[in-house]
Amino acid sequence: YLTRLRLSEPQLRSFLHLPDDDAVLAQARHLDAKISAGEELGPLAGVLVAVKDNICTADMPSTAGSRILEGYRPPFDATAVKRVKELGGIVVGKTNLDEFGMGSTTEASAFQVTANPWDVSRVPGGSSGGSAAAVSARQCVVSLGSDTGGSVRQPASFCGVVGLKPTYGRVSRFGLMAYASSLDAIGCFGSSVADTGILLHSIAGHDRFDATSSKQDVSNFLSHFVPVSSLESKPLKGLRVGLIRETIDNGVDAGVISAIRAAALHFEELGCSVNEVSLPSFSLGLPAYYILAVSESSSNLSRYDGIRYGNQVHADELDSLYGGSRAKGFGSEVKMRILMGTYALSAGYYDAYYKRAQQVRTIIRNSFKEALNQNDILISPAAPSAAYKIGEKKNDPLAMYAGDIMTVNVNLAGLPALVLPCGFVEGGPAGLPVGLQLIGAAFDEEQLLRVGHIFE
Ligand code: GLN
């Protein structure tokens, strides 16, 4: 893995920080010592795990892709990272992202653009593009990302890997740099559903450092990852699958739609009943998401004042110290979102924007609940297209935001969703992968992973 990583990294640029090989190997040697001492090893023993750079690591920089945090080293590990290490995982480096998770391509990183391993002239998706590309190019075994509106699922789709956004509250957000706190979730990437599930199992569960982390038990879903050859011929008999009609409609690439239809047929072969289901409020998700996400982010990002964290410009007055540090430290996408969020939250506009978006959020949550009463899982594309060219949407933020239509509703509803490769469209040297999204009931990651494992 390390050799392949060193060889591929100059072209892919998945990582913002890579410790030298000795530091990585030292973590492995630490496991050797445990073996010699007769200690039991955890399920991640020796597994190389890459970590998105908005997740805190005490022994490596954590910048969230922002100049304002350049060189910043947190004094602690995020709970998810701590658990990975306790179970034997080896953190191989910190991956690139759109600054503070704001974007869908990694082009909004203050430091570099990551290339898609399937075609290096294309984006890997985002914001967790570095974590997705690293798994796709086998620079690591699994990786951690974060998903506020699709940032794990859309890059998984673009890079042809598995990505999982857990139920809100399933994984502790302690040590995840906040973008929009009511939507943020740490998620997992792997090259198979089983790998992804093992990583989720390692990091899930209550954490006293995150008041929104759930006390619900984490079921032992690892037993579902049996060899598929040992299963009966219709292993998903009786499962009700709902294909969300609004997601295979206008504006979605024809090649993506045919890959999803082929996936639906595959579900039928596995014994499922597949029906189209309508979520009439689906298209409201995008405007509601962008109002809520930018509002919450404008509040969350106020902590970067040049004093408590990160870079500071020198100034004679306190106000110009704050203003100067923020003007210099934040990139243009982040500034635009702070402005939009501040506007949406301001006294005269609060009812018209923020409050209405919250009302829409309730409608969306209820419509998913209803659809999941009639169906065991819902399916849709993970994105309306396959990976596009670097630069193609860079100067058209609305076109980029529109690409999040498939994923944002799931965050608004707080539900878990799994993305896995289901086909290809033409493009690049070898075709471009298309991702299928499976959406399940809250805290039922077990069913998503079982179904995903059998499907794949
Ligand atoms: N692309 C979306 C945004 O920019 C989602 C990002 C995310 O999930 N972090 O807000």
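The values are calculated or read from the model by the stated rules, or taken from the named source; none is laboratory data. Please read these numbers as outputs of a predicted model, since none were measured by experiment. Don't worry about glycine lacking a Cβ; one is built from the backbone with ideal geometry, like all the others, and counts go over all protein chains shown.
When we screen Arg138, Arg73, Arg122 for residues that are more than 29 Å from Ser299 (Cβ to Cβ), touching an Asp or Glu at 6+ places or on another chain (Cβ under 9 Å) and more than 16 Å from the ligand (Cβ to nearest atom), the only hit is Arg122. Among the residues here, Ser157 does not qualify as modelled with pLDDT of 95 or more, within 21 Å of Pro74 (Cβ to Cβ) and surrounded by 24 or more Cβ atoms within 10 Å (Cβ to Cβ).
Here segment 206-246 is the region considered, the condition is being surrounded by 15 or more Cβ atoms within 10 Å (Cβ to Cβ) and among the aromatic types (Phe, Trp, Tyr), and the residue that is nearest to Ile260 (Cα to Cα) is Phe225.
Criterion applied to Gly130, Gly93 was being more than 11 Å from the ligand (Cβ to nearest atom), under 20 Å from Ser66 (Cβ atoms) and assigned to a strand (DSSP E or B), and the one residue passing it is Gly93.
So which pairs qualify, if the first residue must be in segment 39-64 and without any contact (Cβ under 8 Å) to a residue 60 or more places away in the chain and within 24 Å of Asp184 (Cα to Cα), the second must be of a type in the set (Ser, Thr, Tyr) and not in a strand (DSSP E or B), the Cβ gap must be under 7 Å, and the two must be at least 6 apart or on different chains? Pairs found: Pro61/Tyr72; Thr63/Tyr72.
Condition check ((1) more than 16 Å from Leu438 (Cβ to Cβ); (2) aliphatic (A, V, I, L, M); (3) in contact with a Phe, Trp or Tyr (Cβ under 8 Å, 6 or more places away or on another chain)) across all residues:
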| position | (1), (2), (3) |
| --- | --- |
| Thr167 | no, no, yes |
| Ser172 | yes, no, yes |
| Phe189 | no, no, no |
| Ser192 | no, no, no |
| His206 | yes, no, no |
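Determine whether Gly255 is modelled with pLDDT under 95 and surrounded by 15 or more Cβ atoms within 10 Å (Cβ to Cβ). Taking the combined requirement at face value, the residue does not satisfy it.
Taking the numbered list (1) among the small types (Gly, Ala, Ser); (2) farther than 22 Å from Gly414 by Cα; (3) within 13 Å of the ligand (Cβ to nearest atom) in turn, Gly323 passes all entries but (3).
All of Leu420, Leu438 fail the test of being in contact with an Asp or Glu (Cβ under 7 Å, 6 or more places away or on another chain) and under 30 Å from Phe225 (Cα atoms), apart from Leu420. When only residues in segment 96-114 that are over 14 Å from the mean Cα position of the chain (by Cα) and hydroxyl-bearing (Ser, Thr, Tyr) count, which is nearest to the ligand (Cβ to nearest atom)? Among residues in segment 96-114 that are over 14 Å from the mean Cα position of the chain (by Cα) and hydroxyl-bearing (Ser, Thr, Tyr), the one nearest to the ligand (Cβ to nearest atom) is Ser109. When the residues of segment 76-90 are filtered to those that are of a type outside the set (D, E, K, R) and assigned to a loop (DSSP other than H, G, I, E, B), the one that is farthest from the ligand (Cβ to nearest atom) is Gly88. Among the candidates Pro416, Pro429, Pro397, the residue that is in contact with a Gly (Cβ under 8 Å, 6 or more places away or on another chain), at negative phi and not hydrophobic (A, V, I, L, M, F, W, C) is uniquely Pro416. Filtering Ala430, Ala417, Ala383, Ala352 for residues that are within 14 Å of the ligand (Cβ to nearest atom) and over 19 Å from Val277 (Cβ atoms) leaves a single hit, Ala383.
Across segment 268-284, a minimum of one residue is classified as under 25 Å from Pro433 (Cα atoms), in a helix (DSSP H, G or I) and in contact (Cβ under 8 Å) with a residue 60 or more places away in the chain.
Restricting attention to segment 287-301, the residues being within 10 Å of the ligand (Cβ to nearest atom) and either small (Gly, Ala, Ser) or at pLDDT below 95 (or both) number 2. Restricting the first member to segment 120-134 and to residues that are crowded, with 24+ Cβ neighbours inside 10 Å, and the second to residues that are of a type in the set (Asp, Glu), the beta-carbon pairs closer than 6 Å and six or more apart or on different chains are Gly126/Asp98; Ser127/Asp98. Consider segment 261-316 and keep the residues that are within 20 Å of the chain's Cα centre (by Cα) and among the aromatic types (Phe, Trp, Tyr). The one that is surrounded by the most Cβ atoms within 10 Å (Cβ to Cβ) is Tyr289.
Can you find a residue that is among the β-branched types (Val, Ile, Thr) and at pLDDT 95 or above anywhere in segment 56-67? Yes, segment 56-67 has at least one match.
For the condition within 17 Å of Val274 (Cβ to Cβ), surrounded by fewer than 24 Cβ atoms within 10 Å (Cβ to Cβ) and touching a helix residue (DSSP H, G or I) at 6+ places or on another chain (Cβ under 7 Å), Ile454 qualifies. Say we look at segment 348-358 and pick out the residues that are more than 25 Å from the chain's Cα centre (by Cα) and part of a helix (DSSP H, G or I); which of these is surrounded by the fewest Cβ atoms within 10 Å (Cβ to Cβ)? By that ranking, first place goes to Asp351.
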